[in-house]
Structures are given as structure tokens and as C-alpha cells.
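What follows is one structure encoded as C-alpha cells, with my remarks underneath.
The values are calculated or read from the model by the stated rules, or taken from the named source; none is laboratory data. All of these numbers come straight from a predicted model, not from anything done at the bench. Here the Cβ is made from the backbone with ideal geometry for all residues, glycine too, and neighbour counts use every protein chain on show.
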Amino acid sequence: MSEFQAAPRTVVEACFDPQGTAALDYVYDVAAAVGLSDQPVRLAVRRLEAAGVLRQEGRGRKGRLVLTDAGRLRSDADARFIALAYAQDAGLAPWDGLWRLSTFSVPERHRSERDALRTALTRLGAVPLAPGAYVSPHDLLDELAEEVSEATVGTYLITAEATRLTGPGFTDPASTAALLWPPAETVEAYRPLADALAEEPLGPERGSVELVATGLRLAEAFTRALERDPLLPPELRPAPWPPSMVRRDFGEAWAEIRGRTPDLSLFRAFDPQP
């Protein structure tokens, strides 16, 4: 059995329909299908509400959850990461040859904004070249403005583009990328997902409840892998690229789950459509 037990937060976020609402009775039913009691789900809802991701309307199982604008932006960003990964695998997102440099110096009295910039850059796959200076092969400005704020980005962030990086071990672009983003670390991030795909049965005897549970576990493993993947363009990573093959296998398993549970509203963003 997969080591990935769906987290209460994952269950809650999985249950929103395209309009950004989720009936609480549906949320609790899905949680029960993956072995979660109501209490941790209620706690996850309260935490997401406190974080400004959603709001609750009504109480108990008759209530519903509604995504806020901030919650929709985060959901959209996650969908863009997934779409980029599959577009790269399909050869539809070539690198333009530019390194994007980001640097900032934020006064101590605005430490929270400095931490937010650092966290957002790291989450988006940028790596530090020096304190307060980050590099990425991707243009991250739009995502940073969404994750932090346009005001913070506009006030503190300085960006530049370069066609060449020089430094110890920085020879060709692929070698530079291998030093900054060691391939073995990204490959290892996908190992649990590969194991889960090998272990999770999708045979015809599996009912819809079991398939929901399997889908949630696989999506949890996929999410954790993607969080550690800088999504380097194909030109900057080894070939063949094991994470691409794992994503292909995930896409096939996901298509089978969705095909056998046509009423399943979970994780539309995970449909691998480049």
C-alpha cells in the first residue's frame, strides 16, 4: 500500500468544483473514503479559512466551502505548474536561453516581506547564487506578484536577464544547471510516486470509493514530487529524464481513474493536458 495517506488539507482542496465551491457533506464523505475522521478535516478547514484560502458558509454537513480570490490564484498557479511539466515533456515549452536573475534587499523592519520573497522564489524553483540573489531559467515575475504581492515585488525586487553565467564549474548551460539543481535530487523526489504507481491496484474489482482513495494518494505523491521539482527546461536536464517517465505513468493511471469515475470532481488540474 502506498505510504501516502491523503492529508486532510489535500482532501478539502480536492473537493472544489469548477465554480470554486465544495459541499461539506461531500468533503466529509471523501475524507471517510480515505480513512479520515471528521475532526482533522474540520481543523484543516479552520486553518485554510484563517489563511484566507476559503470561507465557510453554513455549519455542519449542510454547509459549503467557497474559494476566496487568494485560494483561486493558488489553485491556478498549481495548475500552471502541472501544465508546464507536461508541456515540457511533450517538447512544447523550449527554453529561450535566458537566465533570470532576481535580487532584493529588504530592511529588517519589513522582515516578513523579505521572508515571503525568499520563500516564493524557492517554491518557484529558483536557487540562490549568493545571499539575496537568485537564478532561474524561467521568468517568475507574474508568479511572484501573485504569491507575494505586486507592491512587495515592485518595491524590493530587482531582476535581470543573462545569456551566460560564469563561475566555478559553470561551463555550458546543462553543466551549470546540474550544479545549481542536482539531477539526482529531483529524480529522488519522484521515487515515492513511482513506488505508489507500482503498488496501487487499479483492477476491475476496485469500486468507486477505492478509486477515490487511490486517486487522492497518487495526487498527494505527485504534489510532493512536483514541489521539489524546479521544472528545468529539457535543454538543461539529462536525457532520458526519469521524472518525465514517472509523470507519463501517472497520467495514464489518472486517465483510467477519471474514466472509471466520471462523476469524480477531484483534482481537475491533474489532468495531464499540455
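Within the stretch 79-95, which residues are at pLDDT below 85 and out of contact with any Asp or Glu (no Cβ under 9 Å at 6 or more places or on another chain)?
Across the stretch 79-95, the qualifying residue is only ALA79.
Of all residues being at pLDDT 95 or above and touching a Leu at 6+ places or on another chain (Cβ under 8 Å) in the stretch 96-116, which is nearest to ALA145 (Cα to Cα)? Just the residue, please. Walk me through how you get there before you give the answer.
Applying the first criterion (at pLDDT 95 or above) to the stretch 96-116 yields 96-103.
Now restrict to residues that are touching a Leu at 6+ places or on another chain (Cβ under 8 Å): 99-103.
Working: TRP99: 19, ARG100: 16, LEU101: 16, SER102: 13, THR103: 15 Å.
By that ranking, first place goes to SER102.
Going by the structure shown, is ASP195 more than 18 Å from the chain's Cα centre (by Cα), in the same structural domain as PRO230 (by TED's automatic domain parsing) and at pLDDT below 95? Quick ask: steps written out before the conclusion?
Numbers: more than 18 Å from the chain's Cα centre (by Cα): yes; in the same structural domain as PRO230 (by TED's automatic domain parsing): yes; at pLDDT below 95: yes.
It is true that ASP195 is more than 18 Å from the chain's Cα centre (by Cα), in the same structural domain as PRO230 (by TED's automatic domain parsing) and at pLDDT below 95.
When the stretch 83-123 is examined, which residues are found to be touching a strand residue (DSSP E or B) at 6+ places or on another chain (Cβ under 7 Å), buried (at least 19 other Cβ atoms within 10 Å of the Cβ) and either free of Cβ contacts under 8 Å to residues at least 40 places away in the same chain or of a type outside the set (A, V, I, L, M) (or both)?
TRP99, SER102, PHE104, LEU121
Given the conditions (1) free of Cβ contacts under 8 Å to residues at least 40 places away in the same chain; (2) within 21 Å of the chain's Cα centre (by Cα), report the number of the one that SER136 does not fulfil.
Status for SER136: all satisfied but (1).
Restricting the search to the stretch 147-194, which residues are part of a helix (DSSP H, G or I), surrounded by fewer than 16 Cβ atoms within 10 Å (Cβ to Cβ) and of a type outside the set (A, V, I, L, M)?
Going residue by residue through the stretch 147-194, those that are part of a helix (DSSP H, G or I) are 147, 150-156, 173-180, 183-189, 191-194.
Add one more test, that the residue is surrounded by fewer than 16 Cβ atoms within 10 Å (Cβ to Cβ), and what stays is 150-151, 154-155, 174-175, 179, 184-185, 188, 191.
Within the stretch 147-194, GLU150, GLY154, THR155, SER175, GLU185, GLU188, ARG191 meet the criteria.
Filter the stretch 75-105 for residues that are in contact with a helix residue (DSSP H, G or I) (Cβ under 9 Å, 6 or more places away or on another chain) and among the hydrophobic types (A, V, I, L, M, F, W, C) and give the result.
Taking the stretch 75-105 as the starting set, the residues that turn out to be in contact with a helix residue (DSSP H, G or I) (Cβ under 9 Å, 6 or more places away or on another chain) are 75-83, 85-86, 88-89, 91-95, 97, 99-100, 102, 104-105.
Across the stretch 75-105, the qualifying residues are ALA77, ALA79, PHE81, ILE82, ALA83, ALA85, LEU92, ALA93, TRP95, TRP99, PHE104.
Kindly indicate whether any position in the stretch 196-212 is of a type in the set (S, T, N, Q) and crowded, with 19+ Cβ neighbours inside 10 Å.
No, the stretch 196-212 has no match at all.
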